[in-house]
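K.L.:
The structure under discussion is supplied below as structure tokens; questions concerning it will follow.
The values are calculated or read from the model by the stated rules, or taken from the named source; none is laboratory data. Just so it is clear, the model here is predicted, and its values are computed rather than measured. We place every Cβ from the backbone using ideal geometry, glycine too, and count neighbours over all the protein chains shown. All accessible areas refer to the heavy atoms of the entire protein, side chains included, with ligands and DNA or RNA removed. Shrake-Rupley method; radii C 1.70, N 1.55, O 1.52, S 1.80 Å.
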Number of protein chains: 2
Amino acid sequence: MSGRVVALKAKARGRKTGGSEGGGRGKASVADIVEALRERIARQDIAPGAKLGEQELAAEFGVPRTRIREVLGILENRGLIDRIPNRGAVVSRLELEHVFHLYEVRAVLEGLCVRLATENAPPETWDEFVELFGEPMDKYVRERDFDSFIVVYERFRRRIIEWARNPVAARMLDSIYEKTNVVIRRIVILPGRAQEGLGEHRAVVAAMRAGDGEAAERAKRKNLYNAKETLRRFQKYVI
Amino acid sequence: MSGRVVALKAKARGRKTGGSEGGGRGKASVADIVEALRERIARQDIAPGAKLGEQELAAEFGVPRTRIREVLGILENRGLIDRIPNRGAVVSRLELEHVFHLYEVRAVLEGLCVRLATENAPPETWDEFVELFGEPMDKYVRERDFDSFIVVYERFRRRIIEWARNPVAARMLDSIYEKTNVVIRRIVILPGRAQEGLGEHRAVVAAMRAGDGEAAERAKRKNLYNAKETLRRFQKYVI
DNA sequence: GTTAACAATATTGTTGACACTACTGGCCAG
DNA sequence: CTGGCCAGTAGTGTCAACAATATTGTTAAC
């Protein structure tokens, strides 16, 4: 049916200075390959359900198959791929139910981070975002410039996690993002969602600027709860 | 300095019906070995900082070294061991700061699960625990029978996660428990903590029985927040 | 007696070869 | 023509030998 979507570039067979993947000099390490594949899966360069052949990947990255095997092991227990014994590995399809579960967890974890960040960072930290979530973001919404919208959104998210100073939460949120990245981009284009989300974020930022961590947490939770409900309402158009 | 604490039993070198570890028939699979080691680390049968030799483990479980290698890889990105290139693997020491981070995350995740469980389960589900957290637990506390105390505690926890019906949260909480198991047992014996925790849990159970998910969530959070504060106060005696 | 260089050993890291399983296509019987 | 059986093939799973690196032990010079 649907053909592979794997990029066939490079083929990097050479050894010295050969591996262009991951930016490392020398040949591609396990971490490099994991990162490369994680990115492809997150951006859906490889479609969900598509097969990941070990030999194929080994040839592309110019590494022995054993190393690919290790990579697939890591990707598997991160939940990004499914492996069936003697059958190979395929990119996980994310069930709608699973996405809801992810959103419930994401809500409380981001709520936590927002609260911690409010407590840890000097209030002026958030001035930048009070500004951005004002006129500029309004403009993006009006002009349907969702890419710029998401860039700011991501920047805010990263800043929060940075100031939350909790590596455990950061790690868990990362593992959620790498699975829901795609969904986020689809939710934001749903009718009225960007506008609504912007309003919710203004509440979050205002509370943070005011130093009220608890209020910020509640606002952030509500934001993600609403996002989930929008998703539920329009699920037919998303999945 | 401190010698190894590794159990030297079995040495199971035989192949057929040899691997007694993990309960599986035939030789030990990767999952079996991971589970066996996870358990040992959680129960501190292997001391933090102790070295895990590949050949040693391979000999003990009667499997090729490659398989042990895979196991160590899994344990590493679960955060249970640290691996230094060409030096080997050692059991992670858990820093006090890290434990606080884990508790912050655990608080919001268990809070979530308590709320979800209250929404999903029929109220009668919790009658059993209303009962248990009454007189029986009081008795355990009075008699310093912390083992029984923890058994009930664990049972309650499992029931909550079961009814929360959120595999994502369940998985994340598991990864927290396997690291903090030891700490839990040390907190509960701190002066007054068991009594205090019991009171907090009665509030949780009461709210759940009454079907008030939000109140139950708040109560559960408060419970873990207090546990964390107790830990902070007595940190010298715990770590 | 202490320290530095060197050799020996033990342990981790890497790889290609071999074994096994599941799919593909052809063949034959009904 | 259809359905099941069988062999061939492609791909995954397993392993044991080889290479690289760190640690330990030894010797000799200061």
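K.L.:
Ignoring ligands and nucleic acids, what accessible area does A:R158 show with a 1.4 Å probe (Å², nearest 10)?
P.N.:
150 Å²
K.L.:
Roll a 1.4 Å probe over the protein chains and send me the accessible area per residue for the protein assembly as shown in Å².
P.N.:
52 Å²
K.L.:
Please pull out the direction-averaged projected area of the range A:21-91, using the convex hull of its alpha-carbon atoms, in nm² to one decimal place.
P.N.:
Details: hull surface 17.6 nm².
In nm², the orientation-averaged hull projection of the range A:21-91 is 4.4.
K.L.:
Also, quick follow-up: Shortest first, in nm, what separates the label point of B:D212 from those of the same position in the other copies (7 Å along Cα→Cβ)?
P.N.:
Spelled out, the distances from B:D212's label point are 2.3 nm.
K.L.:
Between copies, how close do the B:D138 label points come, placed 7 Å along Cα→Cβ, listed in nm from shortest?
P.N.:
Once sorted, the set of distances for B:D138 reads 6.1 nm.
K.L.:
Additional query: Can you tell me what percent of all Cα-Cα pairs in the protein assembly as shown are more than 44 Å apart?
P.N.:
Above the 44 Å cut-off, the protein assembly as shown has 20 percent of its Cα pairs.
K.L.:
In square angstrom, rounded to the nearest 10, how much accessible surface does A:D127 have for a 1.4 Å probe?
P.N.:
60 Å²
K.L.:
Based on Cα positions only, what radius of gyration and what Dmax would you give for the range B:96-238, in angstroms?
P.N.:
14.3, 43
K.L.:
If you don't mind, there's one more thing I want to ask. Scan chain A and hand back the longest stretch that contains none of the GluC sites (Glu not before Pro) lying in DSSP loops with at most 16 other Cβ atoms within 10 Å.
P.N.:
On the way: sites that count: A:E95, A:E143.
Result for the longest clean stretch: A:144-239.
K.L.:
May I ask you to derive the FRET efficiency for B:D147 and A:R185 from their Cβ-Cβ distance with R0 = 51 Å, giving the value to the nearest 0.05?
P.N.:
0.50
K.L.:
Normalised by the number of residues in the range B:96-238, what is the relative contact order in percent for Cα pairs under 8 Å and 6+ residues apart?
P.N.:
Worked out over the range B:96-238, it gives 43 percent.
K.L.:
Also, quick follow-up: Find every distance from the label point of A:P48 to the corresponding label point in the other copies (7 Å from Cα along Cα→Cβ) and write them in nm, one decimal, shortest first.
P.N.:
Its label point is 4.0 nm from the equivalent points in the other copies.
K.L.:
Over chain B, what is the relative contact order in whole percent, taking alpha-carbon pairs under 8 Å and six or more residues apart?
P.N.:
21 percent
K.L.:
Loop only per DSSP, at most 15 neighbouring Cβ atoms within 10 Å: give me the chymotrypsin sites (Phe, Trp or Tyr not before Pro) in the range A:111-214, ordered by residue number.
P.N.:
Sites meeting the loop and neighbour criteria: none at all.
K.L.:
Here's another thing I want to ask about it. Can you name the chain A residue with its Cβ nearest the rotation axis from A to B, and give the distance in Å as a whole number?
P.N.:
Nearest-to-axis residue on chain A, with distance in whole Å, is A:V108, 2.
K.L.:
Also, I was wondering about something else. Mean 1/r over all different Cα pairs, inverted: what Kirkwood radius does the range A:103-172 give, in Å?
P.N.:
Kirkwood radius, the range A:103-172: 13.0 Å.
K.L.:
Let me ask something else. Would you pull out the residues with amide H under 5 Å of B:L52's amide H, same chain only if 5 or more places away, H placed 1.01 Å from N?
P.N.:
B:A89, B:V90, B:V91
K.L.:
Please give every one of the aspartates and glutamates within straight-line cross-link reach of A:K51, meaning a C-alpha to C-alpha distance under 14 Å, and leave out same-chain neighbours fewer than 8 residues apart.
P.N.:
A:E76, A:D82
K.L.:
Hey, in the GNM for chain B with a 10 angstrom Cα cutoff, which one of B:K27, B:K228, B:K220 fluctuates hardest?
P.N.:
Of B:K27, B:K228, B:K220, the most mobile in the Gaussian network model is B:K27.
K.L.:
Something else now. Peptide B:160-173: average number of partner chain Cβ atoms within 10 Å per residue?
P.N.:
Counting other chains' Cβ atoms within 10 Å and averaging over B:160-173 gives 4.
K.L.:
Another question, if that's okay. Solvent-accessible area of A:V205, probe 1.4 Å, all protein chains present, reported in Å² to the nearest ten, please.
P.N.:
0 Å²
K.L.:
Let me have the 222 nm mean residue ellipticity of chain B computed from DSSP H runs of 4+ only, each contributing -39500 (n - 2.57), with the sum over all residues rounded to the nearest 500.
P.N.:
Here the helix-only value at 222 nm equals -21000 deg cm²/dmol.
K.L.:
Using +1 on the beta carbon of Lys and Arg, -1 on that of Asp and Glu, and nothing else charged, what's the dipole of the protein assembly as shown about the Cα centre, debye to 20?
P.N.:
Its charge dipole is roughly 1980 debye.
K.L.:
Which number comes out as Rg/Rh for chain B once both Rg and the Kirkwood Rh are worked out on C-alpha atoms?
P.N.:
Values: Rg = 20.1 Å, Rh = 19.7 Å.
Reported Rg/Rh, Kirkwood definition of Rh: 1.02.
K.L.:
Quick one: pull the percent of accessible area on the range B:131-239 belonging to carbon and sulfur, 1.4 Å probe, ligands and nucleic acids left out.
P.N.:
Looking at the range B:131-239 in its full context, I get 51 percent from C and S.
K.L.:
Next question, about the same structure. Would you be so kind as to identify all helices of chain B, as entire DSSP H runs, whose Cα atoms reach 15 Å or more along the helix's own axis and whose mean Kyte-Doolittle hydropathy is at least 0.5?
P.N.:
Those that pass (Cα extent of 15 Å or more, hydropathy at least 0.5) are B:30-42.
K.L.:
What total accessible area, in Å², is buried where chains A and B meet, using a 1.4 Å probe and rounding to the nearest 100?
P.N.:
Protein heavy atoms only, the A-B interface buries about 1800 Å².
K.L.:
Could you compute Rg(Cα) / (2.2 N^0.38 Å) for the range A:64-180, with N its residue count?
P.N.:
1.37
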